[in-house]
Amino acid sequence: MKVRVTLNCQLKSTQTETLSSFLKLNLPRVRSFEGCLNVSVYFTEDNVQMLLEEQWLSIEHHQSYIEHIKENGVLEELAAFFESPPTIKYFYQKDI
């Protein structure tokens with residue numbers, strides 16, 4: 001079952017330009033990972049918060065990606081841009 005994943009991230013204010021470069025390099029890798037259907041990135045006007053909105057085939061696909069970036073060091077690099085760990089939520093569409 002498809003799942004929408006949101007990651008709400010509080011950013012270190014001095015890292016905005018470096019974060020943009022990091023995302024431009026790494027987002028194509030996320031989008032091409034097995035099970036990823038879409039990734040969108042949003043920032044607050046003051047660039048202190050970022051929202052990653054992703055769609056995956058399943059939670060398992062998303063968690064497999066998280067394990068992959070833990071192993072290759074990308075997760076640690078990404079976390080360096082955050083004031084605190086992101087809030088991750090999983091949502092399922094309901095036919096109402």
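Within the stretch 63-81, the residues that satisfy the criterion of being within 25 Å of GLN93 (Cβ to Cβ) and either open to solvent by less than 30 Å² (accessible area, probe 1.4 Å) or under 12 Å from the mean Cα position of the chain (by Cα) (or both) are GLN63, TYR65, ILE66. Taken as a whole, the condition of being surrounded by fewer than 14 Cβ atoms within 10 Å (Cβ to Cβ), out of contact with any Asp or Glu (no Cβ under 7 Å at 6 or more places or on another chain), of a type outside the set (A, V, I, L, M, F, W, C) and part of a loop (DSSP other than H, G, I, E, B) does not apply to GLU60. Is there a residue being touching a strand residue (DSSP E or B) at 6+ places or on another chain (Cβ under 6 Å), aliphatic (A, V, I, L, M) and closer than 20 Å to MET1 by Cα anywhere in the stretch 60-81? No: zero hits.
Residues in the stretch 1-51 that are assigned to a loop (DSSP other than H, G, I, E, B) and either over 21 Å from TYR92 (Cβ atoms) or open to solvent by 80 Å² or more (accessible area, probe 1.4 Å) (or both): MET1, LYS2, LYS12, SER32, GLU34, THR44, GLU45, ASP46, ASN47, VAL48. Is one or more of the residues making up the stretch 49-56 of a type in the set (Asp, Glu), closer than 18 Å to LEU11 by Cα and modelled with pLDDT under 95? No: zero hits.
The values are calculated or read from the model by the stated rules, or taken from the named source; none is laboratory data. Remember, it's a predicted structure, so these values are computed and weren't measured experimentally. All Cβ positions, glycine included, derive from the backbone under ideal geometry; neighbour counts span all protein chains shown. All accessible areas refer to the heavy atoms of the entire protein, side chains included, with ligands and DNA or RNA removed. Shrake-Rupley method; radii C 1.70, N 1.55, O 1.52, S 1.80 Å.
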